[in-house]
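Read the structure below first, then the notes.
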Amino acid sequence: MPQLPTGPRWWYEVKLDGHRTVLWRLAETVRLQARSGRDVTTPWMDLAVAGMALPPGVVLDGEAVVVVDGQVSFEAAQARAASSPARSRELAARHPALLISGVRAGSSAAARPGEAAFQQADRAFGGVHSLV
């Protein structure tokens with residue numbers, strides 16, 4: 001296909017090389033879960049700490065990624081996901097993770113439902129507004 005289709009019925013998103021992760025901001029804590037259902041809070045503790053800035057009840061479905069030398073690194077995400085608690089802290093200190101969540105492209109963002117939660121997530125996770 002020489003050119004991607006455009007128009008109001010077409011949506012695109014970036015394919016990130018990370019780990020699909022759901023973040024739950026609970027009343028007292030944050031829980032992170034992999035697509036398999038496994039709890040992955042410990043290896044992604046830096047995301048859990050950042051998630052504490054969100055109000056209780058927020059759920060973010062996204063991709064946990066690690067950026068190394070300006071590039072998303074699947075190898076770094078794999079190493080983090082498979083690491084021990086002590087090792088994951090070392091890796092997080094060198095290359096903090098990002099949770100990329102949601103679609104932020106299109107018209108008036110302020111008019112979309114859930115925009116307040118997106119704004120709080122932007123502040124909590126370092127102001128990543130959009131990758132598209």
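No value in this document is a laboratory result; all are computed from the given coordinates. Every value quoted in this text rests on a predicted model; they were computed, and no experiment measured them. A quick note on method: Cβ atoms are made from the backbone with ideal geometry, for glycine too, and the neighbour counts reach across all protein chains shown.
Observations on the structure shown:
- Legend: ranking of residues Thr6, Thr41, Thr21, Thr29 from fewest to most surrounding C-beta atoms inside 10 Å; resulting order Thr6, Thr29, Thr41, Thr21.
- Percent of Cα pairs exceeding the 19 Å cut-off, where the set is region 1-75: 48
- Two-site label geometry, Gln78 and Thr29: point separation in nm, points 7 Å out along Cα→Cβ: 3.0
- 3J(HN,Hα) from dihedral phi, region 51-64, Karplus parametrisation 6.51/-1.76/1.60, rounded to Hz, x for glycine, proline: x, 5, 6, 7, x, x, x, 6, 10, 10, 9, x, 10, 7
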